[in-house]
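**Q** Right, I'll just put the structure down here and ask away after.
The values are calculated or read from the model by the stated rules, or taken from the named source; none is laboratory data. Fair warning: this is a prediction, and the values are worked out from it, not measured in the lab. Quick reminder, even Gly has a Cβ in these numbers, built from the backbone with ideal geometry, and neighbours come from all protein chains shown. Please note that ligands, DNA and RNA were not included when accessible areas were found on the heavy atoms of the full protein model with its side chains. Shrake-Rupley method; radii C 1.70, N 1.55, O 1.52, S 1.80 Å.
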Amino acid sequence: MSYDDFSLFPVSYSKLNLFRTCPNQFKAKYIDKIVEFKPTAATIYGTELHAEAEHCIKENRNPVERFAVLQPYLDSIRKFKSKYVTAEQEFAITKDLTPTGFWDDNAWLRGKLDVLVHQEDKAQVLDWKSGKARPTDFGELRCFSLLTFCNLPEIEKTKNTYIWLKQDHPPTSEIIERSRIQELASDLAETIDKIEDSLNSDTWLKKSSGLCAAYCDVPCKFNKRYPA
């Protein structure tokens, strides 16, 4: 099999996380493109909620009734004493951790931060979550910390917060120091190396998880809806 037409870069956290979840599903989605990944009611709601939050911040307005759950968090964001507040902030870096354009050919990693609050030498990174609460998994926000540190050299510390909007769970936060840049980059590079190994060997592990039955459309021995 030839992968000449497949471009791994730039990577995003979602792409890396899918490989970690199931390399076989990663191959089906990003390389073979043999499965149509259809949006669900939950993913449509999440997309529309993110768009509403973005417009509320950029237009300095309150949310429509359907997304009233955002109101208390938007009120809190407006109270931040900050250099600036941005929604859907686009950041990208090269392999040597140098800032670059989001769509530039040399981008190695890129990501969109739901909310970035720039407070002198500190930043708050907020991420809206409309699904099941996973309060101890900070992988995505750590990726955003790396992007923030590399693009904003004055930032020495980020406070990363998941805001769980549909669950009876308070926001969960983690503080990351600039001194951890290499650790954050190495964690991503480790997964990238594994993807490249799979590309070179054409070996794609099939992993079983609780996501198989309800969320995966890839035929597989673990998928009871589409058994291979």
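**Q** Can you check what the net charge comes to around Pro227, using other residues whose Cβ is under 15 Å from the Cβ of Pro227 (Lys, Arg +1; Asp, Glu -1)?
**A** +3
**Q** Also, I was wondering about something else. For Thr43, Thr100, give me the order by solvent-accessible area with a 1.4 Å probe, most accessible first, ignoring ligands, DNA and RNA.
**A** Thr43, Thr100
**Q** Take each of the peptides 65-72, 108-115, 17-24, average the number of other beta-carbon atoms within 10 Å over its residues, and list them starting from the highest.
**A** Highest mean packing first, the order is 108-115, 17-24, 65-72.
**Q** Specify the inter-centroid distance of region 117-189 and region 1-74, based on alpha-carbon positions, in whole Å.
**A** Between the Cα centre of region 117-189 and that of region 1-74, the gap is 17 Å.
**Q** Ok, one more. Using a Gaussian network model of the chain with C-alpha springs under 10 Å, which one of Gly210, Gly46, Gly101 is most mobile by mean-square fluctuation?
**A** Gly210
**Q** Going toward the positive end of the dipole of the chain, with +1 on Lys and Arg Cβ and -1 on Asp and Glu Cβ, which of Leu126, Gln182, Ser82 do you reach last?
**A** My answer, from the dipole projection, is Leu126.
**Q** Sticking with this one: Contour minus end-to-end for Ile175 and Glu90, with contour as 0.36 nm per residue of separation and end-to-end as the Cα-Cα distance?
**A** Gain on extension, Ile175 to Glu90, equals 28.5 nm.
**Q** Let me ask something else. So how tilted is helix 181-201 from the main axis of the chain? Cα-based, degrees 0 to 90, rounded to 10.
**A** Compared with the principal axis, the helix lies near 20 degrees.
**Q** What accessible area per residue, rounded to a whole number of Å², is obtained for the chain using a probe radius of 1.4 Å?
**A** 55 Å²
**Q** Something else now. For Lys224 and Lys33, FRET efficiency with R0 = 25 Å and r from the beta-carbon atoms, rounded to 0.05?
**A** 0.60
**Q** What does DSSP give for the chain in terms of the percent of beta bridges that are antiparallel, rounded to the nearest 5?
**A** Bridges in the chain that DSSP calls antiparallel: roughly 70 percent.
**Q** Right, another one. With r as the distance between the Cβ atoms of Asp168 and Leu205 and R0 = 45 Å, compute the FRET efficiency 1/(1 + (r/R0)^6) and round to 0.05.
**A** Efficiency, from the Cβ-Cβ distance: 0.80.
**Q** With all protein chains present, calculate the accessible area of Arg78 using a 1.4 Å probe and round the result to the nearest 10 Å².
**A** 100 Å²
**Q** In degrees, nearest 10, range 0 to 90: what is the angle between the Cα axis of helix 139-151 and the longest Cα principal axis of the chain?
**A** Tilt of helix 139-151: around 60 degrees.
**Q** Kindly state, as a whole number, the per residue volume in cubic angstrom of the convex hull around the alpha carbon atoms of region 109-148.
**A** So the per-residue Cα hull volume is 83 Å³.
**Q** Any idea what diffusion coefficient region 1-129 gets from Stokes-Einstein, in µm²/s, Kirkwood Rh on alpha carbon pairs, 10 °C, 1.306 mPa s?
**A** 93 µm²/s
**Q** Related question: Can you pull the percent of region 102-228's accessible area that's carbon plus sulfur, 1.4 Å probe, other chains left in place?
**A** Answer for region 102-228: carbon and sulfur cover 48 percent of the accessible area.
**Q** How much space per residue, in cubic angstrom, does the convex hull of the C-alpha atoms of region 51-197 take up?
**A** Per-residue hull volume (Cα only) is 125 Å³.
**Q** Can I ask one more? Along its three principal axes, how long is region 50-126 when you only count alpha carbons? Whole Å, largest extent first please.
**A** If we take the Cα atoms of region 50-126, the spans are 43, 28, 16 Å.
**Q** Given contacts defined as C-alpha pairs under 8 Å and at least six residues apart, what's the relative contact order of the chain, whole-number percent?
**A** 19 percent
**Q** Let me ask something else. Check cross-link reach from Lys206 to the lysines: straight Cα distance under 17 Å, and skip same-chain residues fewer than eight apart.
**A** Reachable lysines: Lys15, Lys27, Lys29, Lys33, Lys194, Lys221, Lys224.
**Q** Hey, another quick one. Over the heavy atoms of Glu48, what accessible area does a 1.4 Å probe trace out, to the nearest 10 Å²?
**A** Answer for Glu48: close to 70 Å² accessible.
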